[in-house]
Amino acid sequence: MNLSVLKIIGAILMFIDHYHFVIGGPEILNIIGRASFPIFSFALSEGYAHTRNLKKYFVRLLLSAIIFQLPVIIFNLDYPINIFFTLFFGLLAVHIFHSRKINVLLKIVLVSIIVCGAQKYGLDYGAYGILLILVFNVFRKNRMAVVTGFSILNLIIILRPGIFELASIQIYSIASLIPIFMYDGKRGRNLKYFFYIFYPVHFFLLEGIRYILEKF
């Protein structure tokens, strides 16, 4: 399975998850959607490893995060800070980890600030999201380490729910490793801007569906 197919699967799962968030429905939709964020976290890690222009990657994520947050602010929507901020700061944490210009102690301090800041300021998935991105990147060539790190993060949610402040159904996100481990290392079709377009469009679509259901 190439990266493009994996992203499409992630987008479908995200749509299912956000259908439950915006419109409602049985909890199984929310459970199925738990696999979406890990897939995009993995894709981000692969993007970092293969991008030809890291600066453009950072700029693209940050601009998208700001632009997609504006409607939430303008219309006072009950939405969390969008996932692009999480991806941006997750990528920043990864870049700091790999930097040869920063000593180990400073790396620990800077990454800790990002992790704590993500939790304090309410980024989508918070500290859990940043740490999961790091797990996929740091251990990208060691599947057992990925399984272990991923499992530990989810067990913390179960055993100490107050740390990440995520629902216990996040444990089902571990199922995302099935398609992720089917990844064949190939890019597939060039869908660089697919997710950037799909993300706002699918929310507009869902809000439109909700409006119609409420009116009729």
Report summary line: Restricting attention to region 186-216, the residues that are under 30 Å from F75 (Cβ atoms), in contact (Cβ under 8 Å) with a residue 24 or more places away in the chain and not in a helix (DSSP H, G or I) number exactly 1
Report task. Check whether at least one residue in region 191-214 is farther than 25 Å from Y19 by Cα and open to solvent by less than 80 Å² (accessible area, probe 1.4 Å), and report yes or no. Result -> no
**Report entry** Residues of region 175-190 satisfying the condition of being crowded, with 17+ Cβ neighbours inside 10 Å and either of a type in the set (A, V, I, L, M, F, W, C) or modelled with pLDDT under 95 (or both)
**Finding:** L177, I180
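Yes/no matrix, rows are residues, columns are (1) of a type in the set (S, T, Y); (2) surrounded by fewer than 19 Cβ atoms within 10 Å (Cβ to Cβ); (3) touching a residue at least 12 places away in the same chain (Cβ under 8 Å):
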position: D17; (1), (2), (3): no, no, yes
position: L29; (1), (2), (3): no, yes, yes
position: L44; (1), (2), (3): no, no, yes
position: N53; (1), (2), (3): no, yes, no
position: K56; (1), (2), (3): no, yes, no
position: P80; (1), (2), (3): no, yes, yes
position: T86; (1), (2), (3): yes, no, yes
position: F89; (1), (2), (3): no, no, yes
Report summary line: Just one listed residue, out of L191, L177, L205, is touching a helix residue (DSSP H, G or I) at 6+ places or on another chain (Cβ under 9 Å) and closer than 26 Å to I96 by Cβ, and it is L177
Query raised in the report: Which of the residues spanning region 167-185 are hydroxyl-bearing (S, T, Y) and assigned to a helix (DSSP H, G or I)?
Result: S168, Y172, S173, S176
Query raised in the report: Within the bounds of region 130-153, is there any residue that is aliphatic (A, V, I, L, M) and within 20 Å of L29 (Cα to Cα)?
Result: no
Report summary line: Picked from region 58-68 (must be closer than 22 Å to V135 by Cα and of a type in the set (A, V, I, L, M)), the residue most open to solvent (accessible area, probe 1.4 Å) is L62
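The values are calculated or read from the model by the stated rules, or taken from the named source; none is laboratory data. As the structure is a computational prediction, the values presented were derived from the model and not from experiment. Note: ideal-geometry Cβ built from the backbone for every residue, glycine included; neighbour counts use all protein chains shown. The protein model used for the area step is the full one, side chains on, heavy atoms only, and it has no ligands, DNA or RNA in it. Shrake-Rupley method; radii C 1.70, N 1.55, O 1.52, S 1.80 Å.
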